[in-house]
1. Return the total of residues in the stretch 11-25 being more than 13 Å from the chain's Cα centre (by Cα) and either polar (S, T, N, Q) or buried (at least 23 other Cβ atoms within 10 Å of the Cβ) (or both).
2. Restricting to the stretch 108-128, and then to whatever is within 25 Å of residue 176 (Cα to Cα) and among the hydrophobic types (A, V, I, L, M, F, W, C), can you tell me which residue is surrounded by the fewest Cβ atoms within 10 Å (Cβ to Cβ)?
3. Could you tell me which residue of the stretch 151-189 is nearest to residue 35 (Cα to Cα), considering only residues that are buried (at least 24 other Cβ atoms within 10 Å of the Cβ) and touching a Ser or Thr at 6+ places or on another chain (Cβ under 7 Å)?
4. Return yes or no: is residue 141 among the aromatic types (Phe, Trp, Tyr), within 25 Å of residue 15 (Cβ to Cβ), assigned to a strand (DSSP E or B) and in contact with a Ser or Thr (Cβ under 8 Å, 6 or more places away or on another chain)?
5. Does residue 70 qualify as being in a helix (DSSP H, G or I), on the phi < 0 side of the Ramachandran plot and modelled with pLDDT of 95 or more?
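The values are calculated or read from the model by the stated rules, or taken from the named source; none is laboratory data. What you see is a predicted model; the values in this text were computed from it and never measured. When we count neighbours, we look across all protein chains shown, and the Cβ atoms used for this are built from the backbone with ideal geometry, even at glycine.
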Amino acid sequence: MSSLKTIVVQVTPFVQNASIVICTQTNKCAFVDPGGDIDTLLDVAKSNDLIPEKILLTHGHIDHAGGAQELSNILKIQIEGPHIADKFLLDELKKQGQMFGMMSENCSPDRWLDEGDVIKIGDVKLDTYFCPGHTPGHVIFYNKENKLALVGDVLFQGSIGRTDLPGGNHQELLESIKNKLWPLGNDIEFIPGHGPNSTFAQERATNAFVADSILMNN
C-alpha cells in the first residue's frame, strides 16, 4: 500500500475542507481545493516538514479555488484541474470574491484534467474521474490503494452538491454519483468539500438524495 496521509484544514467562511495529500515516503504533498486562508495552509505544511509539489482543484467555486493562484505564486508550484468546462468560473474568481468579501485572484491552471488522468504526488497516485453536475467541470480524485476519494462538492454525508448555481445540473450530478462513484466500491471512504467524512456504503444506505432505494426510482 502506498503511504498516503491526509490533513484536512477548514478554510474560508464557507468552512470548506481543504485537504493536504501527503506521500509519507517522500514528504511531498499536494493542496486540494485551497479556497483561502493560505497562511494557515502554509503553516500546516511547514510544521509537518512537507514539500509542496502541486495544487489540485476539483472545481471552480470561490470556496475551493479562491486561494489557488496566490498559493501557486508563493510556492512556485503548478495548478492541476479541474476540467476545462469550469474555465468560466476560474476566470471570474476575483469577481466571485468581491461578492463574498473574500480576496481572490483569477486562476489559470497549468493542466486541465479529464477522466483517466493520473496525478502523482511523490510515490502516491490519484486517478481522476470527471463528475459534472455541481459544476460542468467538476472532477474527483481517487487513490485505489488506500480506498480514499476526494469528492469536492459532488457528495456529502447525508446530502449532495447544489445544482442551482451557474452550470449546475441535478440529473448530471445523480448520474455522476451513480456511474462514477458507486462502481469504485462500497468500502470507499471519502473526504467531501464540506462536513465530515463518510463511506459510499453509508450513503448508499442512508443518503436522502442518492440512497439505492432512491436512485432505483430515478
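1. Selection size over the stretch 11-25: 4.
2. 118
3. That would be 152.
4. On the way: among the aromatic types (Phe, Trp, Tyr): yes; within 25 Å of residue 15 (Cβ to Cβ): yes; assigned to a strand (DSSP E or B): yes; in contact with a Ser or Thr (Cβ under 8 Å, 6 or more places away or on another chain): yes.
For residue 141, the condition - among the aromatic types (Phe, Trp, Tyr), within 25 Å of residue 15 (Cβ to Cβ), assigned to a strand (DSSP E or B) and in contact with a Ser or Thr (Cβ under 8 Å, 6 or more places away or on another chain) - is met.
5. Details: in a helix (DSSP H, G or I): yes; on the phi < 0 side of the Ramachandran plot: yes; modelled with pLDDT of 95 or more: yes.
For residue 70, the condition - in a helix (DSSP H, G or I), on the phi < 0 side of the Ramachandran plot and modelled with pLDDT of 95 or more - is met.
A quick yes/no check of all residues on (1) hydrophobic (A, V, I, L, M, F, W, C); (2) in a loop (DSSP other than H, G, I, E, B); (3) under 23 Å from residue 12 (Cβ atoms):
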{"residue": "116", "(1), (2), (3)": "no, yes, no"}
{"residue": "134", "(1), (2), (3)": "no, yes, yes"}
{"residue": "166", "(1), (2), (3)": "no, yes, yes"}
{"residue": "176", "(1), (2), (3)": "no, no, no"}
{"residue": "196", "(1), (2), (3)": "no, yes, yes"}
{"residue": "202", "(1), (2), (3)": "no, no, no"}
